[in-house]
Amino acid sequence: GVHLGHRHLINALRSDARELELTSVVLTFANHPLSVLQPGTEIVLLVPLEERVLLLKDAGAECVVPLTFTQEMASLSASDFVGVLQEELGLLHMVVGPDFALGHNREGTIPALVDIGGRQGFTVNAVEPFTLEGKSARSTSIRQALANADVAAAAEVLGRPFSISGPVV
């Protein structure tokens, strides 16, 4: 779900995009990477893709690009993955959270991305985490709150009431 931590990142992205005169683009995975990396793992999605795209745009993203995570994508090095983003989206600047990593085996840590960016022509802004009462806002904490039937705690991290949509049967 698009929670307060995500909104914090999007605010930083929008600010950087305005300053650099760029379009703010948010990448999201259409499918959870664990569905490819660990097939058979039970995955609890907080919101379906269509709703996530709307929530991301509502949070301020000018453009949202859903990527389908594949085995081929999982095998790309960090340098190759950002190279694809540069070719396909014109990547010039990235805004990421403090524990962000991408590429094969999560090799594209923030220091690695800064180094790759220096060679490939993009910059990286690692944003401090958004915290609530000293705890980072994370999807994991929302899932845990919902598993414990603590809808109020989930809503606190989401920054909005938790809801479910779908057909009633």
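Inside region 150-169, residues that are open to solvent by 40 Å² or more (accessible area, probe 1.4 Å), within 23 Å of Leu55 (Cβ to Cβ) and of a type in the set (A, V, I, L, M) make up a count of 4.
The residues in region 57-109 that are open to solvent by less than 20 Å² (accessible area, probe 1.4 Å), in contact (Cβ under 8 Å) with a residue 60 or more places away in the chain and out of contact with any helix residue (DSSP H, G or I) (no Cβ under 7 Å at 6 or more places or on another chain) can be counted, and the count is 0.
Annotation for region 124-132: no member residue is without any contact (Cβ under 8 Å) to a residue 60 or more places away in the chain and more than 18 Å from the chain's Cα centre (by Cα). The criterion of at least 1 residues that are within 27 Å of Ser163 (Cα to Cα) is met, among helices (runs of 4 or more DSSP H) falling completely within region 21-100, by 34-37, 49-58.
Would you confirm whether or not region 68-91 contains a residue that is of a type in the set (Ser, Thr, Tyr), under 27 Å from Leu20 (Cβ atoms) and under 15 Å from the mean Cα position of the chain (by Cα)? Taking every residue of region 68-91 in turn, none turns out to be of a type in the set (Ser, Thr, Tyr), under 27 Å from Leu20 (Cβ atoms) and under 15 Å from the mean Cα position of the chain (by Cα).
Here's the yes/no breakdown for (1) modelled with pLDDT of 95 or more; (2) aliphatic (A, V, I, L, M); (3) on the phi > 0 side of the Ramachandran plot:
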site	(1), (2), (3)
Ser77	yes, no, no
Gly83	yes, no, no
Val95	yes, yes, no
Asp99	no, no, no
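Counting the residues of region 110-145 that are at pLDDT 95 or above, open to solvent by less than 60 Å² (accessible area, probe 1.4 Å) and either outside any helix (DSSP H, G or I) or among the hydrophobic types (A, V, I, L, M, F, W, C) (or both) gives 10.
Return a yes/no flag: does region 41-51 have any residue that is in contact with an Asp or Glu (Cβ under 8 Å, 6 or more places away or on another chain) and either open to solvent by 30 Å² or more (accessible area, probe 1.4 Å) or among the polar types (S, T, N, Q) (or both). Scanning region 41-51 turns up no residue that is in contact with an Asp or Glu (Cβ under 8 Å, 6 or more places away or on another chain) and either open to solvent by 30 Å² or more (accessible area, probe 1.4 Å) or among the polar types (S, T, N, Q) (or both).
The values are calculated or read from the model by the stated rules, or taken from the named source; none is laboratory data. Keep in mind that what you see is a predicted model, and the values were worked out from it rather than measured. Please note: Cβ atoms are built from the backbone with ideal geometry, for glycine as well, and neighbour counts cover all protein chains shown. Accessible surface areas use protein heavy atoms only, side chains included; no ligands, DNA or RNA. Shrake-Rupley method; radii C 1.70, N 1.55, O 1.52, S 1.80 Å.
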